[in-house]
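J.: The structure follows.
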Amino acid sequence: MKSAPSSRTAGKKVHLIIAAAILAAIPAHAEGPAPNYAEDSAWLCRPGRADACAVPIGVTVVEADGKTRPDALPVRSKTPAFDCFYVYPTVSTDQSGNSDLVIDAAERNVARVQFAQLARVCRPYAPMYRQMTLKGLRDSRSGIAGAVDFQMAYADVAAAFAHYMAHDNQGRGVILFGHSQGSRMLKTLIQSEIEGKPAAASIIGAWLAGTNVLVPEGQLAGGDFKAMPLCTAAAQSGCIVAWVSYRSNNVPPANARYGRTTQPGMKVACTNPAALAGGSAPLDAILPTGLSIVSSSTPMPTWTTGAAITTPFVSVPGLLSGGCLDTDSAQRLAIATNANPSDPRTDDIGGDVVVGGQVLADWGLHLIDVNVVLGDLLTLAPAQAAAWTRVRQATQ
């Protein structure tokens, strides 16, 4: 009599089946060679490598009185219990509608600014993909037909996730994390390949920053997603955290990129990573001291007078607070700056989109959607992972 397969062998077969189903659903494209995610060069970040996520991530804390101290964040774990799968926003400077698969300074920088901190608590996976470039964004906004192939970009992300599930996941929980175009890709991935399918059992949560996620008014589920609800507590898994951020004194204008929808009965989801149950709360921002994710950003300020900041990141406890607001039919995470002009610490932060010297109010704080709550996400990740583990153990 043959012995029953081990749970590990059975789990591997299940994940191979999931990966095969995802790959079978990806449309074929003729434009350029598709990435081979079996090759290291197709990944911006993977565990155990010297890459865009294995970079200095030290944080200097600047207190309200201007004094500085090192951060007390967790050191990078050598054996993280869960994974993070990150899809980066529109940053490519390639001079084509869709990017190539060469890892340039733009991709390395955005992984450092938005994602490398998460390597403290989870195994980092970030695929390269043939995203819409900054040039493609400008061309598509100008109405140039065929400027960008979004389906090709999505096919790459779906193939990367299928490869991850087949070869790396091994029954572990995973957080899906995206921003802007990356969140758009993950929305489609969840809709097409996760909800109602075996892959859903692996999802700790989905963090979709900087894109409109629609839900029926007054509801936590429905709209863009059939089953996955918005998160309402840190001790909850398999749910969605979604937000778009604007300064508290900037109600998204009528032409806002984010925070407004014309779909009847729908609203743009807002879940505050610092207070998932609702209300306003202090934000644990981790902001870059140098380059933002793209060059068209208001510069980072002088964080405090009389002290040099030499780390690549800074934390400013008590300076920022945020809460989800719904005013004038616009839903967003409203960011308030609790400034004190009499102390030596900065009274403001950068993050606005600037073109031709003018701040574009319709973008809000899009460029720092992630960083204004990055410390809160570092706290949320292990809490959601623990919740996922409890559910998994209860159902096995």
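J.: 5 Å is the cut-off here: which amide hydrogens, built 1.01 Å from N in the peptide plane, fall below it relative to CYS84, excluding neighbours closer than 5 in sequence?
T.: Those qualifying (amide H under 5 Å, at least 5 residues apart or on another chain) are ARG123, TYR125, ILE175.
J.: Can you tally the net charge around LYS226? Count Lys and Arg as +1, Asp and Glu as -1, for every other residue whose Cβ sits under 14 Å from the Cβ of LYS226.
T.: Values: positive: LYS187, LYS197; negative: GLU193, GLU195, ASP224.
Combined, the nearby Lys, Arg, Asp and Glu give -1.
J.: Sticking with this structure for a sec: Each residue of the range 317-331 in order: what ³J(HN,Hα) in whole Hz does its phi give by Karplus 6.51 cos²θ - 1.76 cosθ + 1.60, θ = phi - 60°, with x for Gly and Pro?
T.: Those phi angles translate into x, x, 6, 10, 9, x, x, 6, 10, 10, 9, 6, 6, 10, 10 Hz.
J.: Using alpha-carbon pairs under 8 Å, 6+ residues apart, how would you state the relative contact order of the range 18-395 in percent? Before the final figure, lay out the partial values.
T.: Numbers: 831 pairs, mean separation 70.3, N = 378.
Contact order relative to length: 19 percent.
J.: Ignoring solvent entirely, what values of log10 I(q)/I(0) come out of the Debye formula for the range 198-296 at 0.23, 0.25 Å⁻¹ when each Cα is a single scatterer?
T.: Taken in order of the listed q values, log10 I(q)/I(0) reads -1.34, -1.43.
J.: In a GNM of the chain with a 10 Å cut-off on Cα contacts, which of GLN384, GLN191, GLN236 has the highest mean-square fluctuation?
T.: Its mean-square fluctuation being the largest, the pick is GLN191.
J.: Continuing with this model, one more query. Step through the residues of the range 127-144 one at a time and calculate ³J(HN,Hα) from phi using the Karplus curve (6.51 cos²θ - 1.76 cosθ + 1.60, θ = phi - 60°), rounding each to whole Hz and writing x for Gly and Pro.
T.: My calculation for the range 127-144 gives x, 6, 8, 7, 6, 5, 7, 4, 5, x, 4, 4, 5, 5, 5, 8, x, 6 Hz in order.
J.: How do SER77, SER92, SER142, SER202 rank when sorted from fewest to most other Cβ atoms within 10 Å of their own Cβ?
T.: Working: SER77 13, SER92 28, SER142 8, SER202 24.
So the residues, fewest neighbours to most, are SER142, SER77, SER202, SER92.
J.: Let me ask you something else. DSSP loop trypsin sites (Lys or Arg not before Pro) in the range 54-83 with at most 10 other Cβ atoms within 10 Å of their Cβ, which ones? Let's see the in-between values first.
T.: Values: sites: LYS67, ARG76, LYS78; in loops: LYS67, ARG76, LYS78.
When the trypsin sites (Lys or Arg not before Pro) of the range 54-83 are filtered for loop state and at most 10 Cβ neighbours within 10 Å, LYS78 remain.
J.: Where both residues lie in the chain, what percent of DSSP beta bridges are antiparallel, nearest 5?
T.: 50 percent
J.: Based on the alpha-carbon gyration tensor of the chain, what equivalent-ellipsoid semi-axes (square roots of 5 times the eigenvalues) come out, in whole Å, largest first?
T.: Details: eigenvalues 209, 118, 98 Å².
The three semi-axes for the chain are 32, 24, 22 Å.
J.: Hey, another quick one. Treat the count of other C-beta atoms within 10 Å as a stand-in for reagent exposure and order CYS45, CYS270 from fewest to most. Walk me through the numbers on the way to the answer.
T.: Working: CYS45 29, CYS270 24.
Ordered from fewest to most neighbouring Cβ atoms within 10 Å, CYS45, CYS270 come out as CYS270, CYS45.
J.: Looking at the range 180-321, what % of its DSSP beta bridges pair antiparallel, to the nearest 5? Don't skip to the end; give the middle numbers.
T.: Numbers: 8 of 14 bridges.
Just about 55 percent of them are antiparallel.
J.: Please check: in the Gaussian network model of the chain (C-alpha springs, under 10 Å), which one of ILE194, ILE204, ILE240 has the largest mean-square fluctuation.
T.: Highest fluctuation among the options: ILE194.
J.: Here's another thing I want to ask about it. Among PRO89, PRO124, PRO264, which one shows the biggest mean-square fluctuation in a GNM of the chain, springs joining Cα atoms closer than 10 Å?
T.: PRO264
J.: Over the range 117-249, what is the mean sequence separation of C-alpha contacts under 8 Å (at least six apart), divided by residue count, expressed as relative contact order in percent? Numbers along the way, then the final one.
T.: Values: 160 pairs, mean separation 24.2, N = 133.
The normalised contact order for the range 117-249 reaches 18 percent.
Throughout, read-outs are computed from the coordinates displayed, never taken from laboratory work. None of the values given here were measured: they were computed from a predicted structure. Backbone-built Cβ (ideal geometry, glycine too); neighbour counts: all protein chains shown.
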